Structures are given as structure tokens and as C-alpha cells.
Amino acid sequence: MRKRVLALGAEKESLHASLDRHRDVVLWKLDGLDDEQLRRPMVPSGTNLIGLVKHLAGVEYGWFCETFGRPSAAIPFDPDDPEADMRAAPGETSADTVAYYGRARVAADAVINELDLDARGTSWSGETVSLRWVLIHMIEDTVRHTGHLDIVRELIDGQTGDYPDE
């Protein structure tokens, strides 16, 4: 059954529901593909499905956990390889990456559930941000990358759409 954003819900619950809906689409874009297909670069930049999921997991940890002083398993930024979070490392399976995304979601959800929307934290750039801003930013980032996932998936097997058919 399709998850719906709470049209009449409170602000925080509506934002969280929107993020969850798009997180679920991220995982749906992987359904039915084998490891080779998940790792296959389909555009000149090398973008692939599992790399996008790894990136989204890392930024969930970074924006929700690190920003608000919680334990994090974010991928450290490497100035010598700034795109390292966009691809699976040798020895990392697709299942490992999907599990990492699941753990990032759980950790981020704990922060969302614990804090008020006006709670403030310090972003990676040193800027003070609110949980509200982080939720909106992560909805934007997840939706953006879900669009990338949709294009890459279509190039692999022709499947398109924003949510599985009911």
C-alpha cells in the first residue's frame, strides 16, 4: 500500500512522512536487480544505483546525526577522492550498502523523533541549522537522487515510476 504524506498532520510528522516515502522509493528502485546491475555505471559520470544509495546513507548520518551531536557512521570526506561515497568500495556488497542505508535511516529517525523542529545543530560547514531545515534539505536531496535512480534504472531495464503499482 502506498504511503501518503499526512495532508492534515502536524508539520514534523508530515515532513517525516514525506522523507520516508521517498526513502522507500530509493529501495524500490533496487528491487529485482542483481549485484552487477546495481553497480553498473550507466552514465559518463559513473553513477550507479548502489553508489547513490551509499551516498544517501552517508548524508543521512551526516545531516541528522553529526549535525545534532549523535553517534554517526557517516563516510569521512576524502579530499583526494571526493566521490568515494558515490560508489561501492571493493569488498562492499550491495547487501552491505542496503543494510548501511537501513541503519542510517534508523539513526536519523531517532534524531527526528527525539528533537523538536526548532532544535539547532551545527552542520559540517559550521553553519547553525534547525532540524526543520535539515528535514527539508534531506527531502530535497533524497528526491533529487531518487530522480537519478529512476533514470539509471530505466537505462538498465526500462522500469520507470515514482512508486510501485498497488
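The values are calculated or read from the model by the stated rules, or taken from the named source; none is laboratory data. It should be emphasised that the depicted structure is a prediction, and the values quoted were computed from it without experimental measurement. Positions of Cβ are backbone-derived with ideal geometry, glycine not excepted, and every protein chain shown enters the neighbour counts. Keep in mind that these areas ignore ligands, DNA and RNA; they rest on the heavy atoms of the full protein, side chains included. Shrake-Rupley method; radii C 1.70, N 1.55, O 1.52, S 1.80 Å.
Before moving on, here are some points about what is shown:
- Relative to the longest principal axis of the Cα atoms of the chain, the long axis of helix 49-60 lies at roughly 10 degrees.
- Folded to 0 to 90 degrees: helix 94-114 orientation relative to the chain principal axis, Cα: 10 degrees
- Chymotrypsin sites (Phe, Trp or Tyr not before Pro) lying in DSSP loop within the range 9-78, provided at most 13 other Cβ fall within 10 Å: PHE77
- Gyration tensor analysis over the Cα atoms of the chain returns equivalent ellipsoid semi-axes of 26, 21, 12 Å (largest first, whole Å).
- Eigen-decomposition of the gyration tensor built on the alpha-carbon atoms of the range 118-166 gives equivalent ellipsoid semi-axes of 33, 12, 5 angstrom, largest listed first.
- Choice from GLY121, GLY91, GLY32 with maximal GNM fluctuation in the chain (Cα, 10 Å cutoff): GLY91
- Using the 1.4 Å probe convention, the accessible area of the range 1-99 works out to 52 Å² per residue with neighbouring protein chains retained.
- Taking all Cα pairs closer than 8 Å and separated by 6 or more residues, the relative contact order of the chain comes to 30 percent.
- GNM result for the chain, Cα springs below 10 Å: residue of GLU140, GLU60, GLU114 fluctuating most strongly: GLU114
- Percent accessible area from carbon and sulfur atoms, the range 1-133, protein chains only, probe 1.4 Å: 56 percent
- The Rg/Rh ratio of the range 68-153, with both radii computed over alpha carbons and Rh defined as the Kirkwood radius, is 0.98.
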